[in-house]
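Reviewing the structure listed below.
The values are calculated or read from the model by the stated rules, or taken from the named source; none is laboratory data. Values in this document were obtained by computation on a predicted structure and should not be read as measured data. Cβ placement follows ideal geometry from the backbone for every residue including glycine, while neighbour counts extend to all protein chains displayed.
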Amino acid sequence: QEVLRAFYALTGEYATQLRIMTRQIGGVRYNRSTPEQLNGTAPYTPVSEADQKAAMSALSQYAFAPDAFDAQEGVLAYLQSQRRGFGFYGGGEDPKVHARIASAQRGALSQLLSPVVLMRILDSGLYGNTYDLAEYMSDLTDAIFKADLRTSVNTYRQGLQLMYTEALTKSLAEKSRLNEVAQSVVLAQLRRIDRQQRDASSPNALTRAHRAHIRYLIDVSLNR
């Protein structure tokens, strides 16, 4: 029971830290001083490109990399609840590891792909943000797909890549809150992912099925 509680506490805090990192991407610092106090400083200052890229690098390593969650593997077989009535209410006793990791990654992606954030990146490019939307989306796609284009894709990454692809396809939907410029960037990434998956290696059946699924989602989205 102690191991299980520690696992939930640590993974919960880990997910929180990932969400904190995401706030640097597309961030704008506000200065609410009066005009007399500003002393020539602009009220809105975008987070520097260097800081945004540093956040992206950290997220790539700690949220999205194939080995981002390898450290926990040694305890997974010990995540047993205390023997007190065995009342699992139909949920099963085994640890739901994929769901736990997916929740952390979904929390990060929901911020990184939020229409508010994507439009802020686009808008802030007009007043100082040098990390433009096309470069940002290309970096995010690389973080999620690049590392295993020539290898098998582990099941954490499969879930992440599907989650990302589904989010991109929803950004092109009729009721999307993105403008046409941002949607063009999203469309370019979907076409890029499709080409990559077409040409990628698939050394096992799980990976082959996964790559076919990615391409199916893109095909359905672009041909509806």
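Things to note:
- The condition of being among the β-branched types (Val, Ile, Thr) and either modelled with pLDDT under 95 or over 14 Å from the mean Cα position of the chain (by Cα) (or both) holds for only one of 141, 151, that being 151.
- Within segment 142-159, being farther than 18 Å from residue 205 by Cα and aliphatic (A, V, I, L, M) holds for 143, 144, 147.
- Candidates 196, 111 - the one that is among the polar types (S, T, N, Q) and within 18 Å of the chain's Cα centre (by Cα): 111
- Selection within segment 156-184 - of a type in the set (A, V, I, L, M) and either in contact (Cβ under 8 Å) with a residue 60 or more places away in the chain or over 19 Å from residue 120 (Cα atoms) (or both): 160, 162, 163, 173, 178, 182
- Looking across 68, 54, 42, one residue alone is of a type outside the set (D, E, K, R) and modelled with pLDDT of 95 or more. It is 54.
- Residue that is outside any helix (DSSP H, G or I), touching a helix residue (DSSP H, G or I) at 6+ places or on another chain (Cβ under 9 Å) and surrounded by 13 or more Cβ atoms within 10 Å (Cβ to Cβ), where the choices are 24, 52: 24
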